[in-house]
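Read the structure below first, then the notes.
The values are calculated or read from the model by the stated rules, or taken from the named source; none is laboratory data. Since this is a predicted model, take the numbers as computed values, not measurements. Note that we place each Cβ from the backbone using ideal geometry, even for glycine, and neighbour counts take in every protein chain shown.
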Amino acid sequence: MISLRNVALAYPNGTRALDNVSLEIGKGEFVFLVGHSGTGKTSLLRILYREIAASGGEITVDGIRVDRLRRSRVPALRRHLGVVFQDFKLLSDKTVWENVAFAMQVTGAHTRDITRQVPRALDLVGLGHKARMYPGELSGGEQQRAAIARALVNNPKLLLCDEPTGNLDPTTTTEIMELLLRINLKGTTIVVATHNQAVVDRMRRRVVRMEDGRVVTDEERGYYYLGLGQDQILSG
Amino acid sequence: MDWGKTKFFLGEVFRNFTRNAAMQATAIGTVAVTIVLLGAFLFVRSMLAGIGTQVVSQFEVAVYVAPDATQKQIDAIQTSMRADPRVQSVTFVSKKDGLAALRAQLKGVVDASIVTSNPLPDKIRIKVKDPTTVPAVAASARRLAGVQNVVFAQTLVKQMLQIGSVLRAVGIGVIVVFVLVAGIIISNTIRLTVFARRREIAIMQLVGATNTYIRMPFICEGLLDGLLGSALALAILAIAKGALWPRLVSGLSAVSLDWKAANVDGTALALELLLVGALVGAIASWISVGRYLRT
């Protein structure tokens, strides 16, 4: 689903955000991207959906060579994946239904398909009953559910999440992570960049750890800290 | 046609337009002022051009026949001038008719009875189709046998033609400036509405909307600004013309002109101004959205 080979990213001011990153993520995987702030997690996600162009290396996402993508083809790439953010990025003057439908409308989808797929996405995230409410009337967790529904409404095979639970309390965080897991079980590949140690340690999924723009470790069933379970940290 | 899509699109345009009502009003107002100035200028210009053509078309070439010319020569002059494709009409004025006309003209000014002999030569009046050919026609008439002298208002023709070309040149410059000003104003307004919607644009790009799709509502907004602005300007111009035109005509009634012909075709001008307004609006917003999409 995702293949990175020797990817580098340097900002114009000389900062090296990514340094020789190589990574393979298969179809249907659930991967955590961990590391301190400023180690390149967000940069890595951004080059995947071509918010920024890498300065070197090969990037393939769902069969699309992102590093060779012409600007006019970027919208096509974006329709292959969904992105979820810490701050939800919902439009406050549109209802939940409209926010989700918006993602289909702007791609020129038929009204028939919109009326069929929006309720399906909202039901999947458990927001069917709040479709007519505005984001301001929802809790943080509900807003993130709406954002996830928007990311999924076009049926992407890949979901990228940048600190999806950064603004949420522990209970809500657990609910959102369970939702992501459910989505993953339906076959969607999921990459989550996170700081949340508890979540990573509880879920025991593949953990890719980054430091200074490089991938330092990549474990199949990893913990937030290298080789340590949460209980070991607490006791030691 | 997918009615739902259309409805969504129109809704977006309408929401955009009403959300920044004050800003739209400013843009429409400024476009209106610009178009009023442009329209007034174009109106005066084509009116002057109309008057100019009329004045120039009254110019004629007077061919004075030599006193010793034979009737055969006089006929030959007329035949040759009639055959000239530049010539519209040829009229022979005998010395007798010429004197009668002069008497009539001087009646009440000078006591014409003092004129006992007839000093006037026979004259051939030539009207041309295109005023610019007056000098050339005069020159060719001068070469014919039996012609004593050829007279036309040389300097006047030249000046009128010159004024015409200067007006045209200045006019193009003025129009370009006006259109540019209107364009810049609309472009700035659209840039503000684009800025107000930058979050929405970012989300649109995130979920895979094409740049063309993102642009469309803004283009429509600019188009609407331009159209409404020029419509307002047209209303102002129509009212102003209704109030001023009769006064102008009555104030200048002494000038012998066909004022009806000097009047400007308002419908054509109105359509032109509407088209200019709409185009300027659309192009200006195309440019200002483009700056935002290049991130």
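Details
- Some residue of region B:178-185 being without any contact (Cβ under 8 Å) to a residue 24 or more places away in the chain, out of contact with any Asp or Glu (no Cβ under 8 Å at 6 or more places or on another chain), assigned to a helix (DSSP H, G or I) and over 30 Å from A:D93 (Cα atoms): yes
- Qualifying residue in region A:89-111 (condition: in a helix (DSSP H, G or I), more than 21 Å from the chain's Cα centre (by Cα) and surrounded by fewer than 16 Cβ atoms within 10 Å (Cβ to Cβ)): no
- Any chance A:T165 is farther than 21 Å from A:K27 by Cβ, of a type outside the set (K, R), touching a helix residue (DSSP H, G or I) at 6+ places or on another chain (Cβ under 6 Å) and more than 13 Å from chain B (Cβ to nearest Cβ): yes
- Cross-chain or 6+ apart pairs with Cβ under 6 Å, region B:82-109 first and assigned by TED's automatic domain parsing to the domain that holds B:R125 and without any contact (Cβ under 8 Å) to a residue 12 or more places away in the chain, then surrounded by 15 or more Cβ atoms within 10 Å (Cβ to Cβ) and part of a strand (DSSP E or B): B:R82/B:V90
- A:M177 fulfils the conditions (1) within 14 Å of another protein chain (Cβ to nearest Cβ); (2) surrounded by 15 or more Cβ atoms within 10 Å (Cβ to Cβ); (3) without any contact (Cβ under 8 Å) to a residue 40 or more places away in the chain except for a single criterion, (1).
- Checking A:L138 against (1) more than 16 Å from A:A121 (Cβ to Cβ); (2) away from every other protein chain (no Cβ under 14 Å); (3) not β-branched (V, I, T), the condition it does not meet: (1)
- Residues of region A:101-138 that are in contact (Cβ under 8 Å) with a residue 24 or more places away in the chain and among the polar types (S, T, N, Q): A:T107, A:Q117.
- Tally of residues being over 13 Å from A:E211 (Cβ atoms) and without any contact (Cβ under 8 Å) to a residue 60 or more places away in the chain across region A:17-47: 3
- The requirement of being farther than 11 Å from B:D122 by Cβ and modelled with pLDDT under 80 is satisfied by B:A104.
- Checked against (1) over 14 Å from the mean Cα position of the chain (by Cα); (2) modelled with pLDDT of 90 or more, A:N167 passes all but a single condition, namely (2).
- Hits in region B:193-214 (condition: closer than 16 Å to A:A76 by Cα, within 9 Å of chain A (Cβ to nearest Cβ) and assigned to a helix (DSSP H, G or I)): B:A202, B:I203, B:M204, B:Q205, B:L206, B:N211, B:Y213, B:I214
Conditions (1) in contact with a helix residue (DSSP H, G or I) (Cβ under 6 Å, 6 or more places away or on another chain); (2) loosely packed, with under 15 Cβ neighbours inside 10 Å; (3) not assigned by TED's automatic domain parsing to the domain that holds B:V194, marked per residue:
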{"site": "B:F8", "(1), (2), (3)": "yes, no, no"}
{"site": "B:F14", "(1), (2), (3)": "no, yes, no"}
{"site": "B:I35", "(1), (2), (3)": "yes, no, no"}
{"site": "B:S46", "(1), (2), (3)": "no, no, no"}
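- Verdict on B:E221 being over 18 Å from the mean Cα position of the chain (by Cα), at pLDDT 80 or above, under 18 Å from B:R291 (Cα atoms) and within 14 Å of chain A (Cβ to nearest Cβ): no
- Yes/no for A:V83 being of a type outside the set (F, W, Y) and within 12 Å of another protein chain (Cβ to nearest Cβ): yes
The rows are residues; the columns are (1) within 18 Å of B:G29 (Cα to Cα); (2) among the aliphatic types (A, V, I, L, M); (3) modelled with pLDDT of 80 or more.
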residue	(1), (2), (3)
B:A233	yes, yes, yes
B:L237	yes, yes, yes
B:K241	no, no, yes
B:D258	no, no, no
